[in-house]
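The values are calculated or read from the model by the stated rules, or taken from the named source; none is laboratory data. Nothing here was measured: the structure is a model prediction, and the numbers come from that model. Please note: Cβ atoms are built from the backbone with ideal geometry, for glycine as well, and neighbour counts cover all protein chains shown. Calculation scope for accessible area: heavy atoms of the full protein, side chains included, ligands and nucleic acids excluded. Shrake-Rupley method; radii C 1.70, N 1.55, O 1.52, S 1.80 Å.
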Amino acid sequence: MAETPADSGTPQYTSGNIQVLKGLEAVRKRPGMYIGSTSSRGLHHLVYEVVDNSIDEAMAGHCTRVDVTIHPDNSITVVDDGRGIPVDVHPVEKKPGVELAMTVLHAGGKFDKSNYKVSGGLHGVGVSVVNALSVWLEVEVQRDGARWHQRYERGIKVKELEKLGSAEGTGTKVSFKPDGEIFTELVYNFDILSSRFREMAFLNRGLRIAIRDERGAEPVEEVYQYEGGIVSFVEHLRKGRQAIHDEVFYFAAERPEAEIELAMQYDSGFTENTHTFVNNINTHEGGSHLTGLKAALTRTINDYAKKNKLLKKADDSLSGDDVREGLTCVLSVRVMEPQFEGQTKTKLGNSEVRGAVEGAVNEQLAIWLDENPRAAKQVIEKSLQAARAREAARKARDLARKKNALEGGVLPGKLADCSLSDPTLTEIFIVEGDSAGGSAKQGRDRSFQAILPIKGKILNVERARIDKILSNDEVRAMITAIGAGIRDDFDLEAARYGKIIIMTDADVDGAHIRTLLLTFFFRQMRELIEAGFVYIAQPPLYRVGKGKEEYYAYSEDQRTEIVKRLTNGKGDAAKGLNIQRYKGLGEMNPDQLWNTTMDPQTRTILQVTMESAAEADSIFSRLMGDDVEPRREFIEKNARYVRNLDI
Ligand code: 0RA
C-alpha cells in the first residue's frame, strides 16, 4: 500500500482512498487489460486516451483546439481550450472533480452520463489509467477565473489541488511521462500519433489539432484542421485516383439509434475504400453500421437503375461488389452505448444501428441520385462495367477451377510445402527469386516451413481488375498455397499457414516487390493482415568475419558496432576482418539463411499491422494508383527513407 506523501499532512485513509489505490494498483498490475498492451501500441494509447477527453469536449461544442507536444524526454503534454475539468468538491466523494477524474477508474471526469457524444469505446478507459501508468502526471485547469494545479506520481497524489492565481479563459492541460516499469517501449513515434490526429481532425469538422515534436534539433509541427470534415477525408483518401463525378456525396442524419454522417465518391479505379468509424474509433472489422450501408447502396443504386431503365435486361441486377467498385467512402456514426466485438474489438455489434444507417442512406442517396443525374449515370455505368468484368472473371475462375488451379487440393508446383498441417504451427516464406528460393528450401525446417519462390515483380493489383489478377501465375500460386480464397470469399479459418512471411532482397527492387506483395494482401486478403498473419523477414545487411568467427549486422549501426568490438574500439576494418555486404538473399548459403533469417529462435520478423487502415490505404493508392503526381510527391517527401533502401 502506498505511503501518504510527506507534504500532504497527516495520513487520512478513508474508504474512498483505499478504493482509489486499489483501483489504480489493479491497473498497474494488469496494464494490458486497460490499454491492450505495454508495448509501443499501449504507449501510444496513453496519448489517445487524454486527447479523447479533449475531443469529447469538442463534440459537446466547448473546445476548438487541442495541442499535443512530445517533449525531449518522451513525456507528453495535451492542452485544450474546453471548459476545464471541474475543480469544485464533489458533494458525495468530498474531493475536487479533477482529482476524481485522475484517480477513479472510468470516471473520466464525467459525472453525468447524459452526454450523448462520447468518444470512448476502444480507449475510453479514462485518464486515471494514464495517471496510474505514468511516473508523473501533472494537470492544470483554467476555470472560474483561476488556474489550478495538481501532481501525481505513479497514480498517487503528491500535491493537493492548488490555486495558482487568477486566469482568464478555460481549458485543461495534462502532462505525463509513461512509466518505464510498465512499458517495454518508451519512445513515441511521431508519424503514428500524427496520422491518428489527422484522422481525428477529419472526423471532427473544424477542430484544430496540432502536434509538435520537440525531440529533434529543430521542432517539427503538423497542424490539422478540416472545414470539410469527412468530405475532406474522402478527398484525401481518393487522391491519386480519378473521380468520376465532381462533388462528394455527403449527408448527416440524426436517428434515435445513432447520429450518422456519410461521405463518398466514385473514381475510375477498381478497388473499394470504405472506412467506418463509431464514436471516432476506426471499426476495422466493420459491423452493423457497415452492413446497413452496404445493403442501402446495393438497393438504392439498383432501384435507381431500374427506374431509369439503365439496366439492359429487366431481370439484371448489380451486386454489392459491383456498386462498390471504385468507391471511396467514410461512414462515421455516433452511438450512445456502442458494443465493440471481434478479434480486435473493432466491430460494431449494436444491431439497431444497421436499420438506422440503412434507412438514412436509402433516403439520402436516392435524393442525391435524382438531383444529380449526370453523376448517377456515371455511377451506374461504372457498376455495369464492374458487373461485366465480374461475369468474365467468374467464367475465368470456373475454368481455372476445372483445371484445379485455384481449388481442389492441387498445390502450385513451385511450392515446397511443409509436412505439418496445423496452421498454428506452420509458416510460409514468400521468397523473391528462384535462387533465394532454392537456398530457403534447403535451409528450412521442412516440418513447419513452406517455401514459395516468386518471380520478380508480381502484378500490380491496384491497377488490375479481378479477372486479370486471377490470370496472373504468381498471384494464383499465392492464393492456392494460402488456400483461404480472396476478397469476399476469403476465409481466415481456411488459411493453411499461421504466418505468411515476405522475404525479399534488401535493395530497391526488393522493397518494390515487398510493396507489391503488401498491396496484394491488403486488397485481396485484408483479414490476413488484420489478424496479424503477415510478416516481413529481416535478412542481415552484412556478414562480418574474423577468422572462424562470424557476425551478422542488420543495420549500418550494428555493423559499425561489431567492427568496433572486433577491432577493440579502433573501428579499423582492415584488421583481418572480412566484411561482406549482402546484395541479395541469393548470396547466402542455405545454412546462413537459416541462421540469420529463418530460424525462429534467432531471427527477427516484423509483423505487418493495420495500425491505421486509412493511412495504409492512402499510401498504397498514392504509390500504386494511376495518377503520377501523388506518387512523385510521396517519393519526394519520403526520399530520405527511399535513399536508405540501397546504401
Ligand atoms: C467533466 C465535466 C466537464 C468537463 C470535463 C469533464 C472535461 C474533461 C477534460 C479532460 C481533458 N479536457 C477536458 N475538458 C473538460 C464539464 C464541466 C462544466 O459543465 O463546465
When the charge dipole of the range 198-299 is computed with +1 on Lys and Arg Cβ and -1 on Asp and Glu Cβ about the Cα centre, the Cα farthest towards its positive end, among His236, Gly287, Pro219, belongs to Gly287
For the range 516-567, what is the accessible area per residue in Å², given a 1.4 Å probe and the full set of protein chains? 41
Average Cα contact separation per residue, the range 237-325, under 8 Å, 6 or more apart, as relative contact order %: 22
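How do 173-179, 90-96 rank on mean C-beta neighbours within 10 Å, highest first?
Going by the mean number of other Cβ atoms within 10 Å, highest first, we get 173-179, 90-96.
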I'd like to know which of Gln343, Ser332, Ala263 lies farthest towards the positive end of the charge dipole of the range 238-345, counting +1 on Cβ of Lys and Arg and -1 on Cβ of Asp and Glu. Ala263
Amide H of Asn273 versus every other amide H placed in the peptide plane: which residues, excluding those fewer than 5 positions away on the same chain, fall under 5 Å? Leu327, Thr328, Cys329
Show which lysines lie in cross-link reach of Lys157 when reach means a straight Cα distance below 23 angstrom and same-chain residues fewer than eight apart are skipped. Lys22, Lys29, Lys94, Lys95, Lys110, Lys173, Lys177
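If each DSSP helix of 4+ residues adds -39,500 (n - 2.57) and the sum is divided by the residues in the chain, what number results at 222 nm, nearest 500 deg cm²/dmol? If you can, show how the numbers build up before the last one.
Details: 21 runs with 242 residues, N = 647.
Computed ellipticity for the chain at 222 nm equals -11500 deg cm²/dmol.
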Per-residue HN-Hα couplings for the range 475-489, Karplus 6.51 cos²θ - 1.76 cosθ + 1.60 at θ = phi - 60°, whole Hz, x for Gly and Pro? 5, 4, 4, 5, 4, 5, 4, 6, x, 10, x, 9, 6, 5, 8
Treat every Asp and Glu Cβ in the chain as -1 and every Lys and Arg Cβ as +1, leave all other atoms uncharged, and give the resulting dipole magnitude about the Cα centre to the nearest 20 debye. 1560
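Counting pairs of alpha carbon atoms under 8 Å apart in space and at least six apart in sequence, what relative contact order in percent does the chain give?
Over the chain, the number comes to 10 percent.
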From Cα pairs below 8 angstrom and at least 6 apart in sequence, can you work out the relative contact order of the range 285-350, rounded to a whole percent? 47
Long-range HN-HN contacts of Asn279 with modeled amide H, under 5 Å: Val333, Arg334, Val335
Heavy-atom accessible area per residue, the range 346-390, 1.4 Å probe: how many Å²? 46
Determine one quarter of the surface area of the Cα convex hull of the chain, which equals its mean projected area, and express it in nm² to one decimal. 33.9
Cut-off 12 Å between beta-carbons: net charge of the residues surrounding Lys22, Lys and Arg +1, Asp and Glu -1: +1
With a 1.4 Å probe and every protein chain left in place, work out the accessible area per residue of the range 168-311 in Å², rounded to a whole number. 40
Dipole of the range 405-539, positive end: most advanced residue of Gln442, Phe490, Leu420 [Cβ charges, Cα centre]: Gln442
What size of dipole, in debye to the nearest 20, comes out for the range 224-321 about its Cα centre when the only charges are +1 on Lys and Arg C-beta atoms and -1 on Asp and Glu C-beta atoms? 500
Total formal charge among the other residues, if their Cβ is under 12 angstrom from that of Glu549, Lys/Arg +1 and Asp/Glu -1: +3
State the percentage of accessible surface on the chain attributable to carbon and sulfur atoms; use a 1.4 Å probe and exclude ligands, DNA and RNA. 48
